[in-house]
Amino acid sequence: MSDYKDLKLTVASSPHVNSPVNTRSLMLDLIIALVPALCVGTYFFGPRALVLTLVSVVGCMFFEWLYNAIMKKPQTLGDLSAVITGILLAFVCPVALPYWTILIGDFFAIVLTKTLFGGLGKNFLNPALAGRAFLMLSYASFMSTWVKPGISNWMDLGAGVADAVTGATPLANLHTGALPKVELVDVLVGNVGGCIGEVSAIALICGGIYLVIRGVINIRIPATYIGTVAILTLIFPQGNPNVTWMLYQLCSGGLMLGAFFMATDYVTSPCTPKGEIIYGVGCGLLTVFIRYFGGFPEGVSYAILVMNLFVPIIEKYTHPSRFGLTKAAAKAAKAAAKKGGAEV
């Protein structure tokens with residue numbers, strides 16, 4: 001009975017349960033989930049897609065390191081969040097984008113959207129999408145130069161792919177009310193023009209399933225987001241037949257990338273179940289509205305950014321009540337708190 005005398009008592013603050021899951025492990029899972037889309041993009045657009053992605057990653061890491069060094073803050077490169085931002089920003093850009101342009105987007109994403117607001121966990125917008133929106137507004141010609149997939153893309157690693165064959169994306173055709181001239185199977189696998197990481201719906205779905213199985217994300221936001229777009233485009237098609245129009249809308253553009261990898265961002269999405277459903281539906285509504293009536297053929301990035309701004313309001317009205325607390329008691333407690341504040 002005296003064995004307890006040999007035990008050591010460790011005093012520590014909560015939480016007392018340790019978990020192997022941390023920010024770094026979550027980011028590693030995200031990187032793994034993005035590998036299929038990167039491989040497909042590199043296959044169809046050539047090695048420049050990989051190089052542009054690496055330049056974006058290095059740029060994001062450099063700007064985060066530089067900001068922390070200048071502000072004398074602890075370095076945070078180890079959490080790999082800058083790597084994810086770099087990959088995602090490259091994924092929503094065309095392969096012909098000049099390297100210096102992606103670096104400007106990296107600066108906007110890391111410094112102006114993330115670190116100036118306190119770093120990871122305190123940014124109110126998705127950094128990669130904010131960087132993409134800035135590049136779209138500042139360098140629209142570069143951001144709308146689409147390269148057709150083909151062997152010719154493997155010949156150029158320079159400042160741009162000027163000699164490659166350019167053409168309209170499937171989403172650009174849909175924006176005019178016409179079905180794309182490419183087969184649906186090409187849209188599924190990624191054999192179409194578009195952004196580096198958006199073209200292959202199958203690769204993105206596989207990555208999304210991996211994240212769901214690993215528990216990195218739950219299915220509520222992607223399901224409600226994609227489901228809302230599916231229902232709206234099926235009921236209100238701009239081209240016939242209805243089902244074909246819906247499938248092209250789902251598989252074209254950045255919907256799969258946005259639904260699985262950007263709308264589910266921990267920092268800029270709701271954490272309540274009801275809030276996630278409202279958030280996903282809102283993203284879907286805005287995406288279809290922008291695609292149908294906006295000046296740009298794509299609406300995913302702006303839809304998610306707008307819904308990012310509504311997250312505090314959504315969480316305010318969807319947070320669960322304390323267990324055992326009735327509405328009358330909550331109302332009385334709120335009135336008492338206001339009265340006490342007024343007396344002070």
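The values are calculated or read from the model by the stated rules, or taken from the named source; none is laboratory data. Since this is a predicted model, take the numbers as computed values, not measurements. Every residue, glycine as well, gets a Cβ built from its backbone with ideal geometry; the counts of neighbours run over all protein chains shown. We work out accessible area using only protein heavy atoms, side chains counted, and drop any ligands, DNA or RNA first. Shrake-Rupley method; radii C 1.70, N 1.55, O 1.52, S 1.80 Å.
Here is a list: Ile313, Ile290. Which entry is in a helix (DSSP H, G or I), farther than 18 Å from Leu129 by Cα, among the aliphatic types (A, V, I, L, M) and at pLDDT 70 or above?
Ile313
Being closer than 23 Å to Val306 by Cα and buried (at least 17 other Cβ atoms within 10 Å of the Cβ) is the requirement here; does Gly258 meet it?
In short, yes.
So for the range 82-92 (the condition being over 25 Å from Asn22 (Cα atoms) and in a loop (DSSP other than H, G, I, E, B)), does at least one residue qualify?
Checked the range 82-92: at least one residue is over 25 Å from Asn22 (Cα atoms) and in a loop (DSSP other than H, G, I, E, B).
With respect to Gly275, determine if the residue is part of a helix (DSSP H, G or I), in contact with an Asp or Glu (Cβ under 6 Å, 6 or more places away or on another chain) and either under 21 Å from Ile87 (Cβ atoms) or of a type outside the set (D, E, K, R) (or both).
yes
Against the conditions (1) open to solvent by 10 Å² or more (accessible area, probe 1.4 Å); (2) assigned to a helix (DSSP H, G or I), where does Asn308 fall short? Just the number, please.
(1)
Kindly evaluate Leu129 against the criterion of being aliphatic (A, V, I, L, M) and at pLDDT 95 or above.
Yes, satisfied.
Are there any pairs, at least 6 apart or on different chains, whose C-beta atoms fall under 9 Å, with the first in the range 129-147 and among the polar types (S, T, N, Q) and the second not in a helix (DSSP H, G or I), and if so, which?
Partner pairs satisfying both residue conditions: Ser144/Pro94; Ser144/Phe296; Thr145/Pro94; Thr145/Ala96; Thr145/Leu97; Thr145/Gly160; Thr145/Val161; Thr145/Thr166.
Could you run through the range 168-207 and say how many residues are over 25 Å from Ile102 (Cα atoms) and either in a helix (DSSP H, G or I) or not charged (D, E, K, R) (or both)?
Result for the range 168-207: 18.
For the range 275-295, state whether one or more residues are of a type in the set (Phe, Trp, Tyr), under 27 Å from Met136 (Cα atoms) and in contact with a Leu (Cβ under 8 Å, 6 or more places away or on another chain).
Within the range 275-295, not a single residue is of a type in the set (Phe, Trp, Tyr), under 27 Å from Met136 (Cα atoms) and in contact with a Leu (Cβ under 8 Å, 6 or more places away or on another chain).
Let me confirm something: among Val55, Val92, Val111, Val51, which residue is farther than 20 Å from Gly254 by Cα, open to solvent by less than 20 Å² (accessible area, probe 1.4 Å), in contact (Cβ under 8 Å) with a residue 12 or more places away in the chain and hydrophobic (A, V, I, L, M, F, W, C)?
Val111
Taking interchain pairs and intrachain pairs at least six residues apart, which have beta carbon atoms under 6 angstrom, with the first residue in the range 211-222 and closer than 17 Å to Val267 by Cα and the second of a type outside the set (A, V, I, L, M) and outside any helix (DSSP H, G or I)?
Ile217/Thr264; Ile221/Thr264
Taking the options Leu120, Leu66, name whichever one is out of contact with any Cys (no Cβ under 7 Å at 6 or more places or on another chain) and either in a helix (DSSP H, G or I) or surrounded by 23 or more Cβ atoms within 10 Å (Cβ to Cβ) (or both).
Criteria check complete, one pass: Leu66.
Looking only at residues that are modelled with pLDDT of 95 or more and open to solvent by less than 20 Å² (accessible area, probe 1.4 Å) in the range 271-287, which one is farthest from the chain's Cα centre (by Cα)?
Filtering first and then ranking leaves Gly275.
When you scan the range 293-305, how many residues do you find that are farther than 16 Å from Val229 by Cα, modelled with pLDDT under 95 and in a helix (DSSP H, G or I)?
0
Conditions tested, residue by residue: (1) of a type in the set (Gly, Ala, Ser); (2) in contact with a His (Cβ under 9 Å, 6 or more places away or on another chain); (3) without any contact (Cβ under 8 Å) to a residue 60 or more places away in the chain; (4) under 21 Å from Ala172 (Cβ atoms).
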position: Ala230; (1), (2), (3), (4): yes, no, yes, yes
position: Asp265; (1), (2), (3), (4): no, no, no, no
position: Gly275; (1), (2), (3), (4): yes, yes, yes, no
position: Gly284; (1), (2), (3), (4): yes, no, no, yes
